[in-house]
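One structure is given below, encoded as structure tokens.
The values are calculated or read from the model by the stated rules, or taken from the named source; none is laboratory data. Nothing here was measured: the structure is a model prediction, and the numbers come from that model. Backbone-built Cβ (ideal geometry, glycine too); neighbour counts: all protein chains shown. Quick note on the areas: whole protein, heavy atoms, side chains included, nothing else; ligands and nucleic acids left out. Shrake-Rupley method; radii C 1.70, N 1.55, O 1.52, S 1.80 Å.
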Amino acid sequence: MTDRFRGSWLERLLTNPLGLAGTVILLVAAAQVALGPALAPYDPLEFHPRNRLEGPSLAFWFGTDQFGRDVFSRVMVGARSTILFGVVATVLSTAAGSLVGIVSGYVGGRIDDVIMRATDSFMAIPNLLLAMLIITVLGPSTTNAVLAVAVSFTPSMARIARSVTLSVRTRDFVHAAVARGEGAAYIVLREILPNVVAPVVIESSIRIAFAIMIGATLSFLGLGAQPPASDWGLMVSEARSFMFRNPWLVVWPSLAIGSVAIGFNLFGDGLRDALNPRVGR
């Protein structure tokens, strides 16, 4: 085994170029989430009528929008709502999907067939379309958008958890627990769940990127965050009418969305290699 795969998973993650790049991007994103409002030079909702649609300058680093609001301040403050949207939606879908997948894979039989057929029916609908259908019923808001994205991601997470559970339940340590007379709850929580966590966490880290992009799309369509929120997707939507004359209004929030999505993807790839050294290159 090479030196690269010796030591802890964190060491392997940081020695992986993809993992290191993703970690750096996510650390910057985490700083924006935690300190964005404090680092913003202006109130993101403050109007500067005399500085409407100004380009980047020393006073307004990213320029101003159609109301004279500082774009840099709105991007910094909007990081919290946009990134947390993806994280919360993914956590909810991971928890629900893992529960469904583990129970389905462990119980098997007709219950497994019924659950998987229901899962397949939901997976036949694209995530964005399913989320839009749910929001249409619940009404447009950030909370409903989070729930909609979580529901749309749950079937695929259930599939992953089930596939890992099917391979784990045939292992010797599970058979040993059954032979000792352990109950189903003990076997699921103490024997199967710890072995399912790593693949699920890896998939979740990548899913956050998709959740952020879907959340931004919903806000762009008016189904997620509502004005005057500083959500990145909503900022792009509000800037559509000015994108040819004032392209910076679209460029900055779009770059923010793309960089965070790329960061989570790189981090997920690096984490996969760190937790599974045999697939490393």
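When you look at Arg162, is it open to solvent by 20 Å² or more (accessible area, probe 1.4 Å), over 17 Å from Gly268 (Cα atoms), in contact (Cβ under 8 Å) with a residue 40 or more places away in the chain and in a helix (DSSP H, G or I), yes or no? Steps first, answer last, please.
On the way: open to solvent by 20 Å² or more (accessible area, probe 1.4 Å): yes; over 17 Å from Gly268 (Cα atoms): yes; in contact (Cβ under 8 Å) with a residue 40 or more places away in the chain: yes; in a helix (DSSP H, G or I): yes.
Yes; evaluated as a whole, the condition is true for this residue.
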(message) Suppose we filter Leu130, Leu99 for residues that are open to solvent by 70 Å² or more (accessible area, probe 1.4 Å) and aliphatic (A, V, I, L, M); which single one remains?
(response) Leu99
(request) Quick one: which residue in Gly19, Gly36 is more than 30 Å from Arg74 (Cβ to Cβ), part of a helix (DSSP H, G or I) and either of a type in the set (Val, Ile, Thr) or at pLDDT below 90 (or both)? (result) Gly19
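Mind listing just one residue for me: the one in the range 102-127 that is among the aliphatic types (A, V, I, L, M) and assigned to a loop (DSSP other than H, G, I, E, B) and, of those, most open to solvent (accessible area, probe 1.4 Å)? So that I can check it myself, show each step before the final result.
Just the residues of the range 102-127 that are among the aliphatic types (A, V, I, L, M), to begin with: 102-103, 107, 111, 114-116, 118, 123-125.
With the extra rule that they be assigned to a loop (DSSP other than H, G, I, E, B), the set shrinks to 124-125.
On the way: Ala124: 81, Ile125: 54 Å².
Across the range 102-127, the extreme among qualifying residues is Ala124.
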(request) Examine the range 52-66 for a residue that is open to solvent by 20 Å² or more (accessible area, probe 1.4 Å), within 30 Å of Ala161 (Cα to Cα) and not acidic (Asp, Glu), and state whether such a residue exists. (result) no
(request) May I ask you to list the residues in the range 165-196 that are surrounded by fewer than 18 Cβ atoms within 10 Å (Cβ to Cβ) and either touching a Cys at 6+ places or on another chain (Cβ under 8 Å) or at pLDDT 85 or above (or both)? (result) Leu166, Ser167, Ala176
(request) Six or more apart or on different chains, Cβ under 7 Å: which pairs go from a residue in the range 265-281 that's outside any helix (DSSP H, G or I) to one that's open to solvent by 50 Å² or more (accessible area, probe 1.4 Å) and modelled with pLDDT under 85? Could you list them? (result) Gly280/Arg4
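Yes/no per residue for (1) on the phi < 0 side of the Ramachandran plot; (2) surrounded by 14 or more Cβ atoms within 10 Å (Cβ to Cβ); (3) of a type in the set (Ser, Thr, Tyr); (4) modelled with pLDDT under 90:
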site	(1), (2), (3), (4)
Leu27	yes, no, no, no
Asp43	yes, no, no, no
Pro49	yes, no, no, yes
Gly78	yes, yes, no, no
Ile83	yes, yes, no, no
(message) Checking Gly224 against (1) within 17 Å of Val77 (Cβ to Cβ); (2) without any contact (Cβ under 8 Å) to a residue 12 or more places away in the chain, only one condition comes out false. Which one?
(response) (2)
(request) With respect to Ala216, determine if the residue is touching a Pro at 6+ places or on another chain (Cβ under 9 Å), aliphatic (A, V, I, L, M) and open to solvent by less than 60 Å² (accessible area, probe 1.4 Å). (result) yes
(request) Please state which of the following conditions Leu39 fails to meet, knowing it meets all the rest: (1) of a type outside the set (D, E, K, R); (2) open to solvent by less than 30 Å² (accessible area, probe 1.4 Å); (3) in contact with a helix residue (DSSP H, G or I) (Cβ under 8 Å, 6 or more places away or on another chain). (result) (2)
